[in-house]
Each structure stands twice: as C-alpha cells, then as structure tokens.
Amino acid sequence: MTVAELLLALADVDDRGLYFEDDFISWRDHVTLSRQRGTMLAPLLDPDRPPHVGVLLENVPEFSYLFGAAALGGFVLVGLNTTRRGDALAADVTRSDCQLVLVSDATAHLYPADSAVRVINIDGPEWSGLVSDGRVSARPRDRSPAPDDLLMLIFTSGTTGDPKAVRCNQRKFADPGKMLAERFSIGAGDVAYIAMPMFHSNALIAGWSIAVAGSASIALRRRFSARGFADDVHRYGITFANYVGTPMRYILATEPRPDDASSPLRIMYGNEASAADRTAFAKRFGCRVVDGFGSTESGVAITRTPDTPDDALGPLREPNAVVDPDTGAPVPPGTVGEIVNSSGPGLFSGYYNDKEATDDRLRGGMYHTGDLGWVDDAGYIHFAGRVGDWMRVDGENLGAQPIERILLRHDQIRFAAVFGVPVEIGDEIVAALVADNLTPEALSGFLATQPDLGPKQWPHRIVLLDTLPETATFKTVKRHLRPQADTPTWTRQDRRYVPAQDTRTSPGFEARR
C-alpha cells in the first residue's frame, strides 16, 4: 500500500475531514490543497539535489496538507523537532539535506536567522502569494508513488544521543495504518485525535494514517494539553486517540469530569504507559486502552494478546528474540537482554546520511532495537529499559524499567527515572523522582514491602526534582539527569534512606532538598 492510494480514496469525500479549532476542511478540499502544495513547491527545489523540504511547524492543518503533498509524490518531507534550537536544529537541517525550511510565526524564532537554507514563513506574505498564485494548478497529475518510495525523514527522539533521521517510505505509514484501522474497526463514523507532535512517527503512523485508511475524520490539536483532552473528546466526538510516553499520566492527574465515563472515546492506542495508568484511564473514560511496542525505525513489532499479563508487552514470537547485546546469543528466561529482530531489518530502511549508525542497528544480521527486555516462564516479554539503562550491580545485569515501575506504585511518586552511574566496581543505581511530600522513611518502608524488588534493585541514591527533562514526545532524557547523581537528596544505608551529606545542587534542573 501507499499513503497516496489511501489519501486519493478520499478525494471525493465532503462529509468527513480535518477539524482544527473552529475550522473544518473536508477530505476533498484537503486532497486539493495537498496537490496544490506539491505543484507550488516543485519550482523552488533544485532537481539535481534531494527534494527535501523541512517542516518546522506545530500541529496545524498546513502540516497535514504538506504530508499529503509529499505522499502524492511531490517531495520528501523532513519533520523538524520544535524542541530543538539554534545550531542543533541547523545541524538537523544540514544532515537531512533540506533545500527549504517552512516555519510559522510560532516557530520562526527557533531557527537561526543566518541560515544558508531558504526559509519561508507560512504565516507571511511570501507563502500567501505562492498559495494564491493563479498559475498554480490544483489538480496536477499524481505520480503514483511506489510503496518503497521515500516519503519522510523522521528524527529519533534523541534520548540517548543526537537524533538520527530515519528513512520512512510509503508503506511504513500505509501498511500499519490499514492494518490498525481494520484491527480497531475504524470507519466513517470515527474521529481520530492527533495531539502528539506530527514531526514524530507516533502521530503519523498511529494516528493520521489510521484515520485516512479507515476513511475517518481527524481532530488536530496544535499541541498536547492534558487539561484540554476531555473537552476536545466531547467537542469533536473523538472515538480514537493515540499517545506515546507519559501523556496518559498527565491526563489522569487532571480533575475528573462527571461525563468522562460517558465520552465517545472507545480506543486509546500507544506505547510506554504503565499497567496502572492503562487500567485507571480505561475505567475513567470507559474505553479500551491498547499499549503496543515499537519505534520510529519499525524494526520490531510486539503485539499484546488478550491473555498478556498487565506488565508484559506481549508474547515473544519469532523472529523477535532477546539476546546478549555483546554476543548476540539468546538469553534464558528471566535474564535481561536486548530485544532484536533475528531475521533482519523488518520495516527499517536505514538512517539518512548515516551508514555507520545503520550498520550498527543491523549488526550480525539482526535488527537491534536498543531496548532491553526479559522473557518470563510463560513466554511473555517484559520491557526493561534502554541499553543505555543497563546497570551492573554485584555482577548482575539489571534493567531500569522494572525498578521504575515499582517506584511508581507509591501514590506520592508522580514520575521516576532510574539509571546507573559507574563506581569502582560496577554501577550504583540512581532514582530521580518527582514526588509530593515523600520522606526517606516512607520510601524505605514502601520498598521493603515490594515482593518483586530484588535486593540488588534498591536504588543507592535518590534525587528529588520538580521536573524531569523530556523530549517533545514525553520521553525522559536520562543523560541530562546524570549530573544530579553527584548531589543526591538521600543515600541508602542498608535498607533505609538518609539525607545525603552533600546538599548542593547541580545547575539545570530544580533539585529539592
């Protein structure tokens, strides 16, 4: 399948389309506007260079039109992260060979003014002139792209290093979109909510593409708002929503409404939500919550089954495997290893302009996710964090995520990030917590009652913070927390926590004493 096929199937649909704030754009008009953008931008691109157009925008209708234009074969869209700034953002533009960068009044200040790359503001007169130019045809001949044609470059979240541009072809959006639309019975009566940033794969693969494949409507929000979620669900009649990271937890922290359980929402789909949050969200909104496993690269997919335990990702099925990251050999049940696709790349088409990173992902003939997991005796795989979260304590390899999951059971701990810091032999475990009125005595007593917390999993240092550093898709950036490990709030003595001797704070985040 191609996104072009899915979109063109809606070219005559007037009763469904895109909702944005107080506006409605039918799919018929959307297709026309996408075609127009493709024709309009073609003369601005050098045919001897990659036809890459950088889009530095919030979730506005223009982003959707441009994605449609790229899908119809006009150019390759490059999603630029609106949390990046200055030289770092300019480096992303250079790395991805953008010929043109499109900004808005809300994002223009993010990009260096002295850039050599042409910049056009979609809220400015130049763009308005291009759009209104009578010479631009609204119905050019579509190119009929092939499934393997490059459609978009999407940068990774950058939680463990500099973001890399993932090559995303047509089928990477179209095939999952069609499959998930069928799985969730998405049809003409549905409205899909897109509040996750559109420069990321979650919004486009797990939201936009599903809606288009199901001939549904889309309700687009400029940026995610936990407080605005319930209002939007009722305002637009939203039946399907997607998420990544911790938005579900933010929504649950808002004041419940009397009509939450009677909302039209029936499916919440995404990844990285805890079992407790999934249960609470489903109860509050009277919907089904489906949490999957995947990444922008799409090298591995794990699907939950009805009998999957709450704290597991799903059954381990070939060609997926859990292996020793160093040797590539499968590890026995109960042992933490790296989750891989043992048969090859899956839907991963490589990183753009980064052969070394691509080869590293595919070393040994496997696709390496960089994610840790372990398999229980019943054959279900459990997430254990990132390879960068790998900790070695007293000769045992440990993952961060199981410890984070236990910490989050405490009703006063709102967010938790666990990581290791090297010491003379092995690592010490650090837990950075956002918590309300937590005392060292309360934490010590709580951890002592957790039957699944092994003796080597107790954090050695506790850092209390007001916030955790996050990416635009609400993933914690642990590398920015590591300086805090040198000035912990509490340290462990045997099985209890006491105030640390050094109470100084590191610059950057607001550490609490």
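The values are calculated or read from the model by the stated rules, or taken from the named source; none is laboratory data. A quick note: this is a predicted structure, and the numbers were derived from the prediction, not measured. Ideal geometry is used to build each Cβ from the backbone, glycine not excepted, and the neighbour counts take in all protein chains shown.
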Open item on the list: Would you confirm, using the coordinates I've provided, whether Asp87 is modelled with pLDDT under 95, of a type in the set (Asp, Glu) and surrounded by fewer than 18 Cβ atoms within 10 Å (Cβ to Cβ)?
Closed with: yes
Out of (1) among the small types (Gly, Ala, Ser); (2) part of a loop (DSSP other than H, G, I, E, B); (3) more than 19 Å from Gln36 (Cα to Cα), the one Ala91 does not meet is (2)
Within the range 11-32, the residues that are among the aliphatic types (A, V, I, L, M) and either surrounded by 20 or more Cβ atoms within 10 Å (Cβ to Cβ) or free of Cβ contacts under 8 Å to residues at least 40 places away in the same chain (or both) are Ala11, Leu18, Ile25, Val31
Evaluate the range 347-366: report whether one residue or more is in contact with a Phe, Trp or Tyr (Cβ under 6 Å, 6 or more places away or on another chain), touching a residue at least 24 places away in the same chain (Cβ under 8 Å) and part of a strand (DSSP E or B). no
Residue hits (the range 421-466; within 13 Å of His410 (Cβ to Cβ) and of a type in the set (Phe, Trp, Tyr)) are Phe446
Exactly one of Arg278, Arg235 is surrounded by fewer than 21 Cβ atoms within 10 Å (Cβ to Cβ), among the basic types (Lys, Arg) and either part of a loop (DSSP other than H, G, I, E, B) or out of contact with any strand residue (DSSP E or B) (no Cβ under 6 Å at 6 or more places or on another chain) (or both), and that residue is Arg235
Those residues of the range 40-62 which are touching a residue at least 24 places away in the same chain (Cβ under 8 Å), out of contact with any Ser or Thr (no Cβ under 6 Å at 6 or more places or on another chain) and assigned to a loop (DSSP other than H, G, I, E, B) amount to Leu45, Asp46, Arg49, Pro50, Pro51, Glu58, Asn59, Val60
Filtering strands (runs of 3 or more DSSP E) wholly in the range 421-513 for at least 2 residues that are closer than 30 Å to Asn81 by Cβ, modelled with pLDDT of 90 or more and not β-branched (Val, Ile, Thr) gives 427-435
- Item | Residue in the range 33-55 that is out of contact with any helix residue (DSSP H, G or I) (no Cβ under 8 Å at 6 or more places or on another chain), farther than 30 Å from Val477 by Cα and among the small types (Gly, Ala, Ser) present | yes
